[in-house]
Amino acid sequence: MPVAHVVILSLFVYRLTRLIVIDEIFSPVRDLVWEKTKPGSQIAYFFTCSWCVSLWVALPVVFSYAFFPSMTILVGCIFTLSAIAGLITARLDQ
């Protein structure tokens, strides 16, 4: 696997993980999970743990790359550019 693909896929997984764990657009799903589970449950914790979510996000990304490399890299580039823009913005806002 080319190093560029590793970088793209890594930032792709980072961005998807952030989308699930932190970003506001996914908050209705997180809220629903928190309403349906008791506080401190493992499922509720899962949606707040970047390490936990990133593993499960990486799994379909890697399989997608194995079977559809061009399409995965294309979609990955979109998320990678979003990740880079977010990291730059966060750095400039400090």
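The figures follow:
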| item | result |
| --- | --- |
| Test: residue in the range 37-53 that is surrounded by 15 or more Cβ atoms within 10 Å (Cβ to Cβ), at pLDDT below 95, touching a helix residue (DSSP H, G or I) at 6+ places or on another chain (Cβ under 9 Å) and of a type in the set (D, E, K, R) | no |
| The listed residue being of a type in the set (A, V, I, L, M, F, W, C), open to solvent by less than 90 Å² (accessible area, probe 1.4 Å), within 20 Å of residue 78 (Cβ to Cβ) and more than 13 Å from the chain's Cα centre (by Cα), out of 13, 7 | 7 |
| The range 63-79, residues that are hydrophobic (A, V, I, L, M, F, W, C) and either modelled with pLDDT under 95 or surrounded by 13 or more Cβ atoms within 10 Å (Cβ to Cβ) (or both) | 73, 75, 77, 79 |
| Qualifying positions in the range 53-68 - part of a helix (DSSP H, G or I) and free of Cβ contacts under 8 Å to residues at least 24 places away in the same chain | 55, 56, 59, 60, 63, 64, 66, 67 |
| Qualifying residue in the range 80-88 (condition: open to solvent by 80 Å² or more (accessible area, probe 1.4 Å), in contact (Cβ under 8 Å) with a residue 40 or more places away in the chain and part of a helix (DSSP H, G or I)) | no |
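The values are calculated or read from the model by the stated rules, or taken from the named source; none is laboratory data. Quick caveat, the model's predicted, so the values are computed rather than measured. Positions of Cβ are generated from backbone atoms using ideal geometry, with glycine treated the same way; all protein chains shown enter the neighbour counts. For the accessible areas, the whole protein counts, side chains as well, though only heavy atoms, and no ligand, DNA or RNA atoms are used. Shrake-Rupley method; radii C 1.70, N 1.55, O 1.52, S 1.80 Å.
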